[in-house]
1. With the checklist (1) within 16 Å of the ligand (Cβ to nearest atom); (2) of a type outside the set (Ser, Thr, Tyr); (3) farther than 27 Å from GLU92 by Cα; (4) in contact with a strand residue (DSSP E or B) (Cβ under 8 Å, 6 or more places away or on another chain) in hand, flag the one item ASP120 doesn't pass.
2. Name the residues in region 92-136 that are in a helix (DSSP H, G or I) and within 17 Å of ARG37 (Cβ to Cβ), would you?
3. Scanning region 79-117 for residues that are of a type in the set (S, T, N, Q) and away from the ligand (no atom under 14 Å from the Cβ), which turns out nearest to the chain's Cα centre (by Cα)?
4. So is ALA59 closer than 24 Å to CYS168 by Cα, of a type outside the set (D, E, K, R) and either within 16 Å of the ligand (Cβ to nearest atom) or not in a helix (DSSP H, G or I) (or both) or not?
Amino acid sequence: MENNHIQALNFAVYPEEQMLKRSQDFYDLMKLRRSVRQFSNRPIPAEIIENCIKTAGTAPSGANMQPWHFYIISDQKTKKQIRIEAEQIEAEFYSKPANQKWVDDIKALGTNFSKPFLEDAPCLIAVFSKTYDISPDGTRIKHYYVKQSVGIAVGFLIAAIHNAHLACLTYTPASMDFLNKILNCPENERPFMLIPVGYPAENCQVPNIKRKTFRQITGFF
Ligand SMILES: Cc1cc2nc3c(=O)[nH]c(=O)nc-3n(C[C@H](O)[C@H](O)[C@H](O)COP(=O)(O)O)c2cc1C
């Protein structure tokens, strides 16, 4: 082995029966996850969000560059500012004739320009991808497969939020550059996703969507 490797995998081999049960249990947990667009304003413990972001930070990444940055936003004024900016972008999106096909495709979700969840949810997690890092001597450190890496980290984050028994939404307004301005982000950060997190509102409803079957999403050779 090359130097700078450690013997730390701590990989316990489980009986296959137990592995099967674990895989089934995890699937049973994850299949209950749904995107929530109506939130209660009930506060959530900061440590839960911290653990979920720590989980996201364990994701694999191109050349281990970990090209992500998470902002935890619980300040009411900042959330309001984000809502105002996002709703301007959304109003434009929904009214533009060029977006008609897209608007038709999301009709079943029942969404419109109005995004009260940006103020109602007790916490917004703004996820940024970092196109490069800056080393202490000021030189740029190149990042690889940035979108794929941050996408995986967000997947871990969403799974961790669901596992903590909280709800969230992967929210992506057509342009998110306003986030850089509001959060005063450095140049190398690009907005990737905005994730409201919290308890679903009482009587919260979700669209009645169908998931593709295993056969539909899988090929065999
Ligand atoms: C990359 C991505 C972007 C999304 N953007 C939005 C969005 O801007 N607004 C919204 O209401 N839902 C958004 N969603 C949520 C999807 O509509 C939702 O995941 C899909 O309808 C399936 O529903 P489910 O998450 O409840 O399984 C997004 C999901 C993903 C993965």
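Taken together, the values in this text are just the output of simple stated rules run on the coordinates, not laboratory data. This structure is a prediction, so every number in the text was calculated from the model and none was measured. Cβ: placed from backbone, ideal geometry, glycine included. Neighbour counts: every protein chain shown.
1. All conditions are met except number (3).
2. Selection gives PHE93, TYR94, VAL103, ASP105, LYS107, ALA108, LEU109, PHE117, LEU118, GLU119, ASP120.
3. Looking at the filtered set, the residue picked out is GLN81.
4. Yes: the conditions hold for ALA59.
The rows are residues; the columns are (1) surrounded by 15 or more Cβ atoms within 10 Å (Cβ to Cβ); (2) among the small types (Gly, Ala, Ser); (3) touching a Cys at 6+ places or on another chain (Cβ under 6 Å).
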position: VAL146; (1), (2), (3): yes, no, no
position: VAL150; (1), (2), (3): yes, no, no
position: HIS162; (1), (2), (3): yes, no, no
position: ALA167; (1), (2), (3): yes, yes, no
position: PRO186; (1), (2), (3): no, no, no
position: MET193; (1), (2), (3): yes, no, no
position: GLY198; (1), (2), (3): yes, yes, no
position: THR218; (1), (2), (3): no, no, no
